[in-house]
1. Can you find a residue in region 617-626 that is in contact (Cβ under 8 Å) with a residue 12 or more places away in the chain, part of a helix (DSSP H, G or I) and over 18 Å from Lys648 (Cβ atoms)?
2. Could you count how many residues in region 811-836 are modelled with pLDDT under 85 and not basic (Lys, Arg)?
3. Restricting to helices (runs of 4 or more DSSP H) lying wholly in region 300-357: which have 2 or more residues that are closer than 30 Å to Ser394 by Cα?
4. Please count how many residues of region 748-769 are closer than 22 Å to Phe375 by Cβ and assigned to a helix (DSSP H, G or I).
5. Return the residue satisfying two criteria in turn: it lies in region 924-952 and is free of Cβ contacts under 8 Å to residues at least 60 places away in the same chain and of a type in the set (S, T, N, Q), and of such residues it is most open to solvent (accessible area, probe 1.4 Å).
6. Give Gln426, Gln387 a once-over and let me know the one that is farther than 28 Å from Ile752 by Cα and either open to solvent by 40 Å² or more (accessible area, probe 1.4 Å) or at pLDDT below 75 (or both).
7. Only one of these conditions is not met by Arg432: (1) basic (Lys, Arg); (2) surrounded by fewer than 19 Cβ atoms within 10 Å (Cβ to Cβ); (3) modelled with pLDDT of 75 or more. Which number is it?
8. Restricting the search to region 286-316, which residues are open to solvent by 50 Å² or more (accessible area, probe 1.4 Å), within 13 Å of Cys335 (Cα to Cα) and not small (Gly, Ala, Ser)?
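The values are calculated or read from the model by the stated rules, or taken from the named source; none is laboratory data. These numbers were taken from a predicted model, which means no experiment stands behind them. So basically every Cβ, Gly included, is an ideal-geometry build from the backbone, and we count neighbours across all protein chains shown. These accessible areas exclude ligands, DNA and RNA; they are computed on the full protein's heavy atoms, side chains included. Shrake-Rupley method; radii C 1.70, N 1.55, O 1.52, S 1.80 Å.
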Amino acid sequence: MGHTSLEKLIRLQKKTSNIRNICILAHVDHGKTTLADCLVASNGIISTRLAGKMRYLDSREDEQIRGITMKSSAISLHFTSGESEYLINLIDSPGHVDFSSEVSTAVRLCDGAIVVVDAVEGVCPQTQAVLRQAWLENIRPVLVINKIDRLIVELKLSPQEAYTHLQKILEQVNAVTGALFTSKVLEERAVKEAELEGAVPEGEVPELSGGEQVYDWSAGLEETDDSHLYFSPDQGNVVFASAFDSWGFRCAHCVIPLQTHNHTHTITHTHKISSKGKKPLFVQLVLDNIWSLYDAVVTRRDKEKVEKIVASLGLKVMARDLRHSDPKVLLSAICSQWLPLSQAVLSMVCERLPSPSEMSAERVEKLMSVGTRRFDSLPEKTQQLTQAFLDCVSEDSAPVIVFVSKMFAVDSKALPQNKQRYSTHQLPYTTRQDTQYHLHNTQIQFLIKWTMSRRTIQGFLIKIKFTTKKITAPPPTLVLCSFSLVLALIPFLFLFLFQLPEGCSADDTVPSVPHLACCTLEHLYMLMGRELEELEEVPAGNVLGIGGMEDFILKSATVSTSPACPPFTPLNFEATPIVRVAIEPKHPSEMPKLVHGMRLLNQADPCAEVLIQETGEHVLVTAGEVHLQRCLDDLRERFAKIEISASKPIIPFRETIIRPPKVDMVNEDLGRQQKVAVIHQAKEEQSKYPEGPQVDSGGLVNLTTPNKMATIGVRAVPLPEEATRLLEGSAELIRTMEQFSLFAREGKTLEISQKTLEQIQEFRTRLEGHLQGWKWRNAVERIWAFGPRRCGPNILLNGVEGYQRPSVWQCLEREKEKPEAATLRDFDNSIVSGFQLATLSGPMCEEPLMGVCFSVEISMFSPSAVSGESESGGSNEAEASSSSAGGQSRWRGDVTDCYGPFSGQLIAAMKEACRHAFQAKPQRLMAAMYTCEIMATAEVLGRVYGVLSKREGRVLNEEMKEGTDMFIIRAVLPVAESFGFADEMRKRTSGLASPQLVFSHWEVISSDPFWVPTTEEEYLHFGEKADSANQALKYMNAVRKRKGLYVEEKIVEHAEKQRTLGKNK
């Protein structure tokens, strides 16, 4: 197919039913970009000889050097099938786990996906991740089994063995899809059962008329039709291909008895299935022919047989291809005509994937249901916008709805309005680079957004006129930093933008939606890989670029002309930013440039985060080591354009406490005498500082404020591991509860949806289930606050007798009548603030706490502290906790200022009491852990285990992939030990093993950082100095050094000169 003109692509944009918005998803190095090259070459944009070698959509230099995709790239292609013409908006996405956020932004824009699987490696971890992302976004996938040539050339399988191997790959992919489908059905069934619970009284079982009890054991899977979900060659949604050799085919018109998902799919043709004992028809008709071609061209290089094959197929092969020394050139020339890959893939896309006008109502409702709100709870005008989505028409009366999925940087000279156009007779031999050299006074516009429009975007139709601040760039000899426009950063993720009708002010139309702003669109572009083409209008259902909105959007946004349109649901990111580095310029005078560059990087990267810590450090947070390196390169070369220095990675840790161990470091039982000795030692230390906190044998810490007006007693208890994980995963619900409590204290009401209330009730029930035993009696009811930041995985319990404060669960109890309204005492907020400060920075190395419960058991205030008098003196506990009217008046004196000096002393006392209560228990560090999945062959397994053990890794399981010689090793690895891990693994295994690291969880480091030998057995085993390596102590000292805290270590241990063992000669 020849080159397609821009005018034809613009004409095809207007026919929505013939538009296909698709993305390519796969594990790293499974051939996504090579496949995209073949599809791009079908439109004449690049040569077919360069397809698979040029990697056209990898436009970055580091992408070409590393050989992996780091940024999603889009291009519009033309395809003709019979009499119909189609517009294919193709997005190539990365496969490396560090850039999975780019996959999320691409999937949101598309209606279908091409999932590529390596025929040798099969389903890999990232393959499962992209299938899950496609499922969550409700887009339909098709399958391409790539690199089948490796089965012939590398594994040297026979056609029959390859047939069995392909069967297993199909079963693996369908097993992942089946698991996703099953989880969805079971979730829907659970929702239905919850709705029916109100109809049947609790504890009763529905009965038949005969009196028999009926139990419904079905899971709902039998009634649901799932045949369209699975990949099967007879449905035409599977392509067998070798993108590097430019061939691929579908089996929609062949007989393929491939068994997938426990079903036998057979397509009848004019031939019959072979009888038992003979080759399957798929092997006879398809695989045998392909194997014969590879044998003649690649293996044996039989020219006579090649000529017969070419003649029998009726192909035309150039003489230079027949004489070429590389057999792959001849093979590609034959296969590209016999089994053209682009024809097979694009025809499958047009037949099996939906157009934008076929978007399901379920997906529309899911996109518009923000947060925990249900679609039926949205305003009526918002629900009516669903029809505009489903119609997807370009009419004047229809609203404009555009979703901005990400921002990316473009050189100002690459924008169409800044290019100089030359005719052929004026510049017959001028290259593209020479043409760009003549661009002098160009205007800088640098951030383009990927968007999906739902109606024609046309300036004169909706009166969109907007002019951004423009800066004139110097001549090309000085234009090295083209990103010099000052951005106004907006601290939110989603932005709702719309145009006001004429005659209306902002106050009249703007609804109560947070982070809402008004703006107008400017330039519209068609994305053509490395180039952009300017457009005047874009009909509904197309992927496009928009310029001139960098002042309004941080990362992604929803743009609409209707104020009723809500912001779309947030993107689903698989990777969590965990790797931090502190950035500073080498020359302090260039700090403004660094700040400006980091702002641009924060906008242009969907996953990167930029923070300014309390110490003033500028911190960059990324998803992994490769992602970090790319961000640093972008800062140096594209955004800041200065020399920068990055610190060593800042490793996050958490501090926690555990139950007292029953054995010592040599697994000897800790006797009662040893425990008594430790208690006596603690009391001796307290006697040295009588003014300090008093700690009893049970861990209760009593601390008095400096003015002797209040005494606080706090006890620290470790939370169960399940409760800690639940608190960590329910941060959004806790934040909602805290916001409701804040509104209630101010006399306001916060509306919470019924679904959110159900989730909060479920969270409460599960928390009660995890906190069982006499120690946790009524603990959930006595929760005072969560921390740090009022939504963290730590709990403050109210153990003060007689103090009935408002419950944190009052959002669930607002409909219940209470006999007596609970009121807040004075200084209640001071105690909570002290708890928040204590959990934000622990005593070990000023890292946040995790999994700790603080119980306030004593809270005594003197009368002078409460009534505002100047006299000092203690008050007994009964006076402080009295619930009588007199006692309540002493707690709520009118003279006392809650924000006065005493309030500050109480905050500091509460913080110190929590810290000492924490130190009274066995302290431990918690390390961030990666889940590591490694694919390796048997001969390098020992080296893989050696690298893992060297870096404190722990192997969870190891299994062999059926039908291959590959092993899949799953392990956990501390984030602190992960830097350089992938490079070392590749070096030690000669490139035969490559790990995929994804942040998983926090794990307690078993060793005690403060351990010293105390028992006789420990002295005998470890020696008097006990100077063996302590991993927890090493991590703790490293963090303390970085933060400038005191580190107890010996610089010089022996000052005398060391003597040599040998005699002087």
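1. no
2. Adding up the residues that qualify gives 14.
3. Hits in region 300-357: 341-352.
4. Result for region 748-769: 9.
5. Ser949
6. Result of the check over Gln426, Gln387: Gln426.
7. (3)
8. Residues satisfying the conditions are Asn289, Leu313, Lys316.
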